[in-house]
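The values are calculated or read from the model by the stated rules, or taken from the named source; none is laboratory data. Values in this document were obtained by computation on a predicted structure and should not be read as measured data. Using ideal geometry, Cβ is built from the backbone for each residue, glycine included, and neighbour counts are taken over all protein chains shown. Accessible surface is based on the protein model in full, side chains and every heavy atom, while ligands, DNA and RNA are left aside. Shrake-Rupley method; radii C 1.70, N 1.55, O 1.52, S 1.80 Å.
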Amino acid sequence: MSVRTPKTTTTAVLQYPRKTTISKPAIKSIPTLKSTSAPIQIKTLSLQDYLCLQTRPRFLREMRESLIEIGTFYIKDHGVPTELTSGVMKVIQDFFSLPLEEKKKILIGNSRHFRGYKVMGEELTNNEVDHREQLQFGPEQDAINTFVSTVPLEYEGLQGPNQWCTSILAQVPQFKSHILEYMTQLEILSQHLMEAIALSLNLDASYFRDLFGLDPYYRLKCAKYPSVDNAATIGCGAHKDTGFLTVLLQDMVGGLQGQDPTTSEWMDTRPVPETFIVTMGEAVERLTGGLYRATVHRVLNNTSGMDRYSIPFFFDPALDVKVPHQIPVSVSANEPLSPTRSEAMSMSSHCSLSDVEADSDDDDLDNLVAALDIREQEDTSTERSWSNGDHIFETVKRCHPEVYSRWYSNEN
Ligand SMILES: O=C(O)CCC(=O)C(=O)O
Ligand SMILES: [Fe+2]
């Protein structure tokens, strides 16, 4: 099945809570921040369990439970070499340590592709200032030559090169090579996860690849949250990511929290060495009719004296695809994964079906699913679809209005 269409500007009305950006408001304090002990245990899944056909059913069941319950899990044994994760952390720390004038040589406003450096205090989420510096990258591609900023298909402007400045490369020699290699590796990991998500929904492994094409669009954000005097401030305000999935690397400082969707309690998403945090975005939530949650999350500032660094990788469908409003999903958390659907079952000689039968805790999960009032969906892929390029463009435009007004606005 394919819903790839010729490029179009048709857009569904999107009513996501949006990140917005304004100029330098004062940092507001948050009097009611409380971190509580977690009622939900965020699971740690091993990618090797997914890749091994004998353990794949267990992996898929645990993934499904995690995504129904909260929309987040840790992934370990992910295949991204430790030298690369520590190397990429090191180059972004070195970059952020450069003098401001040096960093400003690659200001995001210089790039019509929304790539580059953003100074502290320019981003706002839910009316609170985000207290972080950041640096944005995307797939390293040529810009589209026929692109004209004032006609529809503004999203074609998202395609283009990253900013690499010679004097920065002289001071941080592995800046470019590490970032590019890291994005390549994260794309591979995200493709595995996307395939696993399809299987965990009793869909074919290639379901999303067929739907989204071979050329996904991704964004890499490198963030520095400086240590502050008053911890009751927000590093990044509460939000859901808008895309398909996010794979986040964080250092050991801590501060990221996810919200329990049932109790609204905030839970620390503690740093766990050698893992990434995988979070579903609103696209998955919408595609599955709310069965899989997009996790509400935020980052608290810390007073430890140590700055925090994190690197989320936002993985999305190709820019030129139409994404259906909703896909057919199995509604029961308790339902065994279908032998006919899953590649896991091409290995049915290796594993017993009892591996995919539900645990007793699945009763709880089923109650949760029942509460969501999800019904088995018809395939609505041809109806009410939205243009992914337009959707991503809306998101980045809201986050970086300085880029939009310089490169896209008719007033220039
Ligand atoms: O820095 C983090 O840990 C989270 C950042 C985040 O959620 C975002 O930028 O969307
Ligand atoms: Fe986020």
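What is the local net charge at GLU181, summed over the other residues whose Cβ is closer than 12 Å to its Cβ (Lys, Arg +1; Asp, Glu -1)?
-2
Using unit Cβ charges (K, R positive; D, E negative) and no other charged atoms, how large, in debye to the nearest 20, is the dipole of segment 87-230 about its Cα centre?
Dipole about the Cα centre, nearest 20: 400 debye.
Per 0.36 nm of contour for each residue apart, how much would the distance between GLN93 and LEU169 grow if the chain were fully extended, relative to their Cα-Cα spacing?
26.0 nm is the gain from fully extending GLN93 to LEU169.
Please report the carbon-and-sulfur percent of the accessible area for segment 180-228; probe 1.4 Å, protein heavy atoms only, DNA, RNA and ligands left out.
Whole-percent figure for carbon plus sulfur exposure: 48.
For segment 218-323, count all C-alpha to C-alpha pairs, find those more than 15 Å apart, and express that count as a whole percent of the total.
Every Cα pair in segment 218-323 considered, those over 15 Å come to 65 percent.
Provide the solvent-accessible area of HIS131, counting protein heavy atoms only and rolling a 1.4 Å probe, rounded to the nearest 10 Å².
30 Å²
Set the Förster distance to 30 Å, then compute FRET efficiency between ASP77 and LEU180 from the Cβ-Cβ distance, nearest 0.05.
Taking R0 as 30 Å, the efficiency between ASP77 and LEU180 is 0.80.
With unit charges on the beta carbon (Lys/Arg positive, Asp/Glu negative), name the residue among LEU186, ALA198, ILE234 whose Cα is farthest towards the positive pole of the charge dipole of segment 176-235.
Of the listed residues, the answer is ILE234.
Can you give the direction-averaged projected area of the convex hull of the alpha-carbon atoms in segment 81-123, in nm²?
Computing the convex hull of the Cα atoms and averaging its projections yields 3.9 nm².
Per q in 0.11, 0.15, 0.20, 0.21 1/Å, what log10 I(q)/I(0) does a Debye calculation on the alpha-carbon atoms of segment 134-253 return?
Taking Cα atoms of segment 134-253 as identical point scatterers yields -0.56, -0.97, -1.28, -1.31.
Once the principal axes of the Cα atoms of segment 249-288 are found, what is the range along each, listed largest first in whole angstroms?
Taking the Cα atoms of segment 249-288, the three principal extents are 32, 22, 11 Å.
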